[in-house]
Amino acid sequence: MLKALDKKGRWRNITVAFRVSQEENEDLNNRVKLSGLTKQDYIMKRLSERDIVVQGNTRVFKALRNKMTEILEELKRIENGTNISEELLETIKIVAKTYNGLEEK
């Protein structure tokens, strides 16, 4: 059986796992979807403090569209600005930053 090497010729045979809350898991999954990276690549880039460069593709555009639909539904539900959760504000910031980054390319 051949070993699966990464792009730099390294064999990754060590598993690292950690626990997160449901909210943290949802936040991580949203960020990964919007980045267009795999979860492993996203976490490795964030851990090494490297910038996340979003490459626009159909998967990223679909994730952005779906997230914007969720945001719109949540904003319609809110009658005034006092009920906006921190999680929603953070999601809006991430989506806006991603859209702005895609426009620059």
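Numbers below:
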quantity: 0 to 90° range, to nearest 10: angle between helix 58-77 axis and the chain longest Cα axis; calculated: 30
quantity: Above-threshold pairs, the threshold being 25 Å between Cα atoms, out of K8/K62; K39/K93; K7/K93; K8/K93; K76/K97; calculated: K8/K62; K7/K93; K8/K93
quantity: L47-Y99 pseudo-label distance in nm [points 7 Å out on the Cα-to-Cβ vector]; calculated: 3.3
quantity: Extended-chain gain in nm, criterion 0.36 nm per residue less alpha-carbon gap, R65 and K8; calculated: 17.2 nm
quantity: Over the stretch 13-73, relative contact order from alpha-carbon pairs under 8 Å, at least 6 apart, %; calculated: 29
quantity: Net lengthening on full extension, N57/E87 (0.36 nm per residue, minus Cα-Cα); calculated: 8.2 nm
quantity: Structure-derived Rg and Dmax of the Cα atoms in Å: which label, when the choices are (i) 16.7, 60; (ii) 14.0, 42; (iii) 12.5, 34; calculated: (i)
quantity: L75-S21 pseudo-label distance in nm [points 7 Å out on the Cα-to-Cβ vector]; calculated: 2.6
quantity: Dipole magnitude of the chain about its Cα centre (Cβ charges: Lys, Arg +1; Asp, Glu -1), debye to nearest 20; calculated: 860
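None of the figures in this text is laboratory data; all of them are computed from the coordinates on show. Fair warning: this is a prediction, and the values are worked out from it, not measured in the lab. All Cβ positions, glycine included, derive from the backbone under ideal geometry; neighbour counts span all protein chains shown.
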